[in-house]
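Values quoted throughout were computed directly from the atomic coordinates according to the rules given, and no laboratory measurement underlies them. It should be emphasised that the depicted structure is a prediction, and the values quoted were computed from it without experimental measurement. Cβ placement follows ideal geometry from the backbone for every residue including glycine, while neighbour counts extend to all protein chains displayed.
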Amino acid sequence: MAFKIGNREQQTFLPPVIDDYISSQDPVRVYNAFVDALDFHQLGISLIPKAGAERYEPVRMLKLIIYSYSYGLRSARLIERACYHNLSYIWLMGDLKPDYRTIARFRSEHKGVIKKVLKQCVRMCVNMGLVDGNTLFIDGSKFRADASIQNTLSREQIEKELKKAEDSIEQLLNECERKDQEENGRPSLVETQEKITSQERLAERMKQCLAKINSEKLSSINTVDPDCIIAKSRQGTHAMHNVQCVTDKKHGLIVQADSIGEPNDNNQLLPQIKQAVENIGREPETVCTDAGFFNPKETEKISAAITVIMPSPRQAHEDKSAVKTVPGLFDKINFQYDKEHDEYLCPDGKRLTHKGVDAQRPHRSIYQAKSSDCLKCPYWGACTTAKHGRKVIRSEYEEIIKRQEAIYKSEHGQEIYKLRKQRAEHPFGHIKRNLHAGQFLLRGREKVNAEISVLATCFNITRMITIIGITKLIANLGVI
């Protein structure tokens, strides 16, 4: 059997024209067409050349960032290397080779612009009929921050570090003065001046963190990335960002994604719906999410035209339980509420009157039966063993909770909820596993949101290629 042997000295290797380096079906052509279809005026980027030193065209640099993220390359140094070694990068950049500092600087300076790319991507998907916005799925996932949990300090720890830095600065200044006197007026050592500058920067950072703790009433803050949170995930407790993602039912495309400064999803249902509506341009008919978003106070504010399919914590626990429990005769569900008299009626016909509200949770009212009624009741011991009478707690949002539970248990609710994992969790799996982006490279919510926008856009483009193909997609992008 003969061996195939290459020849590095052959005279012809690449086509004479860079445009022929890649085929007409190469995915890089889609990314090129996508960025060309963006409205840079709306993004806030001027494409008019200015006087001064030459700079790379923003359109090319944005193409480079989005295309790199789509293949899991997020490091500026790796992107720079690809511009030299990868034919698709050479084609995309027209043989331009920006260094890693230029790439990192562009990404940092245009973080606000990059955040807006996802919105335009969603509008393109709407125009091409890939997003209808009728049913939306919302989910959250934790991503590691570019910071260690050990950098998270309490107010007392920050004040202690600030005092140490200020004392160190004073000590170094005294040392400089002593050396000046010993050396007959010769300048202080450069090394000592560098130490002073370092301590001054540390003190300034501690002051900024302390100011944020006071203004936002936080218990602790991470001194490396002040916008990250401490949260638990399957990998343990770390410094993280809680990423929210809204996907469309039709093809599972992302219509909204951002990071929030809270460790749970409890208050995010309404804000995420509002952001998704702004991106799509219309209200959905149905919104589906898991029990982590269950908050009747928020649900009450959602438009009545939107059906929210979401299990209550009780229903979520029952769904996970291997043994299905049947409500007992004396469970709260069998106590009837008399709205007219603001009382509960127990299964034996005894009345539970309003006794006040929970001091810790004022939206919960307490209803209690008379002790004499309970002690004489034949079911005393089975219903309750409390000598002061059976208690029932009623939430201010009881009607909303019951309505939500009924919607979730309905045939339509169960049918939609079964699709949730396919639609809501798919993007997180793709971003974390295929794009190797389980941890952010940038710090601060503004920069993190720029990364999320690019990652979500990359997911959408990949899905668009799968759904309608490269040739048709390029043609559609060319007429938008």
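So, by mean Cβ neighbours within 10 angstrom, what's the order for 287-293, 34-40 with the highest one leading?
The peptides rank, most packed first, as 287-293, 34-40.
Along the charge dipole of the chain, which of 21, 240, 135 sits closest to the positive end, that is, farthest toward it, with unit charges on the beta carbon of Lys, Arg, Asp and Glu (+1, +1, -1, -1)?
135
Sorting check: for 423-435, 369-381, which peptide has the highest mean count of neighbouring beta carbons within 10 Å, and how do the rest follow?
423-435, 369-381
Using every Cα-Cα pair within the chain, state what percent have a distance larger than 36 Å.
The proportion of pairs with Cα distances above 36 Å equals 50 percent.
Treating the angle as unsigned and between 0 and 90°, give the value, to the nearest 10°, between the Cα long axis of helix 445-468 and the longest Cα principal axis of the chain.
Long axis of 445-468 versus the principal axis of the chain: about 90 degrees.
Compute the long axis of helix 269-280 from its Cα atoms, compare it with the longest principal axis of the Cα atoms of the chain, and write down the angle in degrees, 0 to 90, nearest 10.
With rounding to tens, the tilt is 50 degrees.
Relative contact order, percent, of the chain when contacts are C-alpha pairs under 8 Å separated by at least 6 residues?
That works out to 21 percent.
Could you please rank 367, 31, placing first whichever residue has the fewest other Cβ atoms within 10 Å of its Cβ?
367, 31
If you line up the long axis of helix 398-409 against the longest principal axis of the chain, both from Cα atoms, how many degrees apart are they, to the nearest 10?
70
If each residue's Cβ is checked for other Cβ atoms within 10 Å, how do 69, 21 rank with the fewest at the top?
Ranked by crowding around the Cβ, least crowded first: 21, 69.
Quick check for me: using +1 on Lys/Arg Cβ and -1 on Asp/Glu Cβ, what's the dipole size of the chain about its Cα centre, in debye to the nearest 20?
With only Lys, Arg, Asp and Glu charged at Cβ, the dipole is about 1180 debye.
Sort 107-120, 241-254, 206-219, 304-317 by packing, meaning the average of other beta carbons within 10 Å per residue, with the highest value first.
Averaged packing, sorted descending, gives the order 241-254, 107-120, 304-317, 206-219.
Using a 10 Å cut-off around each Cβ, can you sort 440, 330, 3 from fewest to most neighbouring Cβ atoms?
Taking fewest neighbouring Cβ atoms as first place, the list is 3, 330, 440.
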